[in-house]
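Here the structure comes first, spelled out in structure tokens, and everything after it is commentary.
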């Protein structure tokens, strides 16, 4: 216990010293430029557009938030792995399947690392992917609709943290286990961890046309914690690099026990070799049921399917598949520079960055410059792979991104700063404080072959006195820097939804004009679509009642329904028959346990209601849609279970 | 049907003509001032504070969002009537009771009208109230913790729209039914609406010390729709004014049927008279079970209680309680000027505003200047009560607020503009376009006796081309105007969470320094609190297992747990024993159906987990808390239901 507390205090103390220890210091603008100049550089005048779309993960919120840069304005929270009452996601019948797992329906998860699809190593604006950390999954979001189209469970993984980093042509997204577990799961003592618990790295194949995801194979790895990843590019295309920690394989009090070794490893995984092994049949087909959930814009419905098995490649048995690069000290982020030559290990308990050289690594492998192995995986000699060390004098380096001028930028969590350094010379060029405790940072395209080196966003875990206080729970925040000049200039603090864990950004011009504005009603193939008021109807099927309903400014058809009984399950299938841009309608019914819908033009959504009380209950449009929005309402009459009220309904005022 | 469609098209057409019909016009800055001047006026430099807290209702999101003004930055979404995966609200056991109703657990509702508590007609920064529209409820939020402390169901109401407007000393908040229904509810034909369906207006008494809410009485009203409300002030203190529509008492196709009359009414309710009637016993005690839910900062737990009855006053039987003021044309908002003399009816199907005089109303009542009655309630002659008409030439007036210089500002939904006019002369002074279709507007203190007339926020239902597009679903938005000069100046567009329905704002100086920063651990009386690592334990009680857990940078105690079985219900009661500002911890366990917790310093929260699979499952901190956050993890071993694995756990590394 003593060791643990000392270490905690040391780390906490270092942090507190750097962040003002809670003093309401307010107005600390070290690193900020002249206010009026900064103001004009972040101001986006009414009606004008931001220059970049930025996608910040929501961390523990489980979502992905879209911001405009440089304004920092929140444009849309895209629901992914959590329910969202703003949008009905995870409440309506159509999107519930996206949250289905082998552990049941999971209403809330923890997203960390979004990654934009790439073509030839450049962001291409087709999709963005993101991971679920808690119940391991990955998701694909369309950048035409800004909706989640697919979620995929990753079996055998536990804590899908080092995910979803894409390869250079979006051949794959990856997922590395953060917590090793028995594979397959079994009832063993936690003390048997060492040797018995294993990690897996998942390679999820992306269909180049549709974006459809498939768990192509998993690589069985030593029982380390796999923390972050990034893919090779250029010459290093074909490899993915994963940081590891807890190579001590401790199972308790990790804050002490997993910080004993002077170095852990970056695992270099050659997925082209993996593909060869798969072709050669050198895999085990393992029973590992996992959910593959999809949402179709054509049927406007989600679907859950279970995939039964996964192909396993055993890294300890398959030469050339994985190498381990020794890296001080509990490396957190691993980042590959735009050329693909340098692999930066951010040793979080160090002040230095260790930079590996890809070409040295290849040579070391060729020359077998190994100094041992871990569970059959060769460990490369440190001298044989390290290209240089960045002597930062910062504390707690976590992540590095790159600009288009050969510079790198690294966040330091404990000393709360961003440090700019030169790739190749390892020289520190600039440093600016951040407020406080930055985790990731993001430069648009900053993990691709073509960074857009104008802005840098530092994502801070702690804000304390930076914004007006809001009780014990404060926002986390992002800080926008201008990096177009020699020195970084702090422009703006903006609060974020949840934890701004990692982020991606893309020039608005690349995706602005591909946006879907409405769903064509003629292409709506929802099984319960109702295309015109005249087609509206109510159909009883035993205790299930299906209401085929339309809505348009400013009425529902039908708007009077009778003959519903306590004990029924009522399915309101509501089609928004508007075909105008930005004219959604809502639907709410008093006492509905799933409450509400929010339906885009041309879309059908379904609300399930189990009425519990006899009476006449109103429903109404919940999204202010027209000058007669308040009149957009109706009633459902609910009779006792044994009543004989006949089923009837109105159609635009004419009772059937 | 034809009438309906024609009217729809007319309304839609007028709107579309005004909003560019979807052209990506981008850069339309009519009404905007010079960009660099505006930029400097809305820019809040890093580390500096906004001048106002603004609270914008989330509309269909069911929440209340806190923004800073003038920056438009979103500081915190306060969850109220919907679950919130960012915060665990409605997922952890402690807050679930707040969403309990007689219709069951409702995970998502529709909030409309926040109102700040007032003392002597001025905002006092103690609480903010807000309504649930769908399943009728009101809520109280503490402005020390920014947490929802209380929710109260309103029986007999249906669509609690004209709510929560406070009286001058926060004696009451009110709630008027939007949809009339049978009272008490019964199984009747919807066609029997006229005469059979009734409205109620609820008066919720506020305890002046604790803020505790109690449904003091309800007033039985004619079967109209009660749309908006505002309280009297100064001389008119003691009265609350409600707009009505559908005084036609139609039950279908309301867009046509409820727009037939040339005027509807503003119902003037004298709650001091109501109090006298209550004292005199002239009420009916009606069986009307409704939930009263509270959350205590002392026990850190929520509690649901059912109140069985409510006192009913029948407006048709009790003279002097209610008067009806005829008001053209389907009036939507009703707003009382800072002096309390003028009551503005915003007739949404008109271009004029009808202004009633409170003193004329009193005189008319004294002189019995009535021209009839509705269900026993006197209707005052229009001439006897109207003080003036604002001839705006705008279309679709919805809401009016006031500055501190005798001016009023009204939103026009259809013509998309804000019009400034002079109270008393009714002269139009200025008009500025808004983008697009504003509903409410808000001036800090603008519905109190002391407005702060510097900023005006117009809340727009439709944005179309105003921001970078995000698929079919676009944000709604707020527009900030400077109203300190003669002419309004548009400063900023900022997107909002959900529908920014109505809003309140208060100078930051009034509440900034009263904020709770941590919950003192010594005052935590949660039934399952664990104050030190040494007190951590696991207790089995049949199939229920209670884990008494602590968390602190950077470990959980216990961090290894064995002896859990499939079929158990595991309660993780996690206490964050940190006593530092802004050091929350999260807690997630793989596959937990309620997924996660987010625990503030000194707080205890409970996650329920029903493990379904044998194996060893990790848990971890979901909120990046320290340099060793990634090491803050543990494992739970789950055995088969019939296994005899003994219950044991670690304490900071030392196995029990």
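The values are calculated or read from the model by the stated rules, or taken from the named source; none is laboratory data. Here the structure is a predicted model, which is why all the values come from computation and not from measurement. All Cβ positions, even for glycine, are placed from backbone atoms using ideal geometry, and neighbour counts span all protein chains on display.
Side notes on the structure shown:
Conditions (1) surrounded by fewer than 23 Cβ atoms within 10 Å (Cβ to Cβ); (2) closer than 25 Å to residue A:605 by Cα; (3) facing chain B (nearest Cβ under 10 Å), marked per residue:
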site	(1), (2), (3)
A:62	no, yes, yes
A:68	yes, no, yes
A:79	no, yes, yes
A:100	yes, yes, no
A:108	no, yes, yes
A:115	no, no, no
A:134	no, no, yes
A:145	yes, yes, yes
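- Screening residue B:168 on (1) more than 14 Å from residue B:290 (Cβ to Cβ); (2) more than 14 Å from chain A (Cβ to nearest Cβ); (3) part of a strand (DSSP E or B) shows it passes everything except condition (3).
- Verdict on residue B:121 being surrounded by 24 or more Cβ atoms within 10 Å (Cβ to Cβ) and either away from every other protein chain (no Cβ under 11 Å) or under 19 Å from residue B:450 (Cα atoms) (or both): no
- Scanning segment B:512-519 turns up no residue that is away from every other protein chain (no Cβ under 11 Å) and touching a strand residue (DSSP E or B) at 6+ places or on another chain (Cβ under 9 Å).
- Where residue B:306 falls short, out of the listed (1) under 30 Å from residue B:600 (Cα atoms); (2) buried (at least 17 other Cβ atoms within 10 Å of the Cβ): (2)
- Subset of segment A:420-478 (residues that are in a strand (DSSP E or B), at the interface with chain B (Cβ under 7 Å from one of its Cβ atoms) and in contact (Cβ under 8 Å) with a residue 60 or more places away in the chain): A:439
- Qualifying residue in segment A:643-655 (condition: surrounded by fewer than 24 Cβ atoms within 10 Å (Cβ to Cβ) and closer than 24 Å to residue A:86 by Cβ): no
- On inspection, residue B:51 qualifies as within 11 Å of another protein chain (Cβ to nearest Cβ) and modelled with pLDDT of 95 or more.
- Residue B:605 touching a residue at least 60 places away in the same chain (Cβ under 8 Å), farther than 30 Å from residue A:350 by Cβ and within 7 Å of chain A (Cβ to nearest Cβ): no
- Elements of type strands (runs of 3 or more DSSP E) in segment A:47-153, at least 3 residues being more than 30 Å from residue B:478 (Cα to Cα) and either touching a residue at least 24 places away in the same chain (Cβ under 8 Å) or touching a strand residue (DSSP E or B) at 6+ places or on another chain (Cβ under 9 Å) (or both): A:115-119, A:122-132, A:137-142, A:148-153
- Applying the criterion of at least 1 residues that are more than 28 Å from residue A:400 (Cβ to Cβ) and either within 14 Å of chain B (Cβ to nearest Cβ) or at pLDDT below 95 (or both) to the strands (runs of 3 or more DSSP E) found wholly in segment A:172-252 leaves A:197-206.
- For residue B:281, the criteria (1) out of contact with any helix residue (DSSP H, G or I) (no Cβ under 8 Å at 6 or more places or on another chain); (2) in contact (Cβ under 8 Å) with a residue 12 or more places away in the chain; (3) closer than 22 Å to residue B:204 by Cα hold in every case but one, which is (2).
- Residues satisfying the stated conditions in segment B:336-354, i.e. assigned to a strand (DSSP E or B) and more than 16 Å from residue B:264 (Cβ to Cβ): B:336, B:342
- Condition met for residue B:316 (away from chain A (no Cβ under 12 Å), over 25 Å from residue B:342 (Cβ atoms) and either touching a residue at least 60 places away in the same chain (Cβ under 8 Å) or surrounded by 21 or more Cβ atoms within 10 Å (Cβ to Cβ) (or both)): yes
- Inclusion of residue A:72 among residues that are modelled with pLDDT of 95 or more and at positive phi is warranted.
- When the residues of segment B:306-330 are filtered to those that are under 24 Å from the mean Cα position of the chain (by Cα) and at pLDDT 95 or above, the one that is nearest to residue B:371 (Cα to Cα) is B:310.
- Answer residue from segment A:523-543, given it is closer than 25 Å to residue A:637 by Cβ and part of a loop (DSSP other than H, G, I, E, B) and is farthest from the chain's Cα centre (by Cα) among those: A:542
- With respect to (1) on the phi > 0 side of the Ramachandran plot; (2) in contact (Cβ under 8 Å) with a residue 24 or more places away in the chain; (3) surrounded by fewer than 21 Cβ atoms within 10 Å (Cβ to Cβ), the lone exception for residue A:253 is condition (3).
- Being in contact with a helix residue (DSSP H, G or I) (Cβ under 7 Å, 6 or more places away or on another chain) and within 24 Å of residue A:516 (Cβ to Cβ) holds for only one residue in B:415, B:477, and it is B:477.
- Residue in segment B:562-570 that is at the interface with chain A (Cβ under 8 Å from one of its Cβ atoms) and in contact with a strand residue (DSSP E or B) (Cβ under 8 Å, 6 or more places away or on another chain) present: yes
- Filtered by the rule that a residue be more than 9 Å from every other protein chain (Cβ to nearest Cβ) and within 30 Å of the chain's Cα centre (by Cα), segment B:576-602 gives B:576, B:585, B:587, B:597, B:599.
- The requirement of being closer than 23 Å to residue B:587 by Cα and within 11 Å of chain B (Cβ to nearest Cβ) is satisfied by residue A:158.
- In segment A:39-48, residue nearest to the other protein chains (Cβ to nearest Cβ) [restricted to those that are surrounded by 20 or more Cβ atoms within 10 Å (Cβ to Cβ) and within 29 Å of the chain's Cα centre (by Cα)]: A:43
- With respect to the conditions (1) touching a strand residue (DSSP E or B) at 6+ places or on another chain (Cβ under 7 Å); (2) within 11 Å of another protein chain (Cβ to nearest Cβ); (3) touching a residue at least 24 places away in the same chain (Cβ under 8 Å), residue A:488 falls short on a single one, namely (2).
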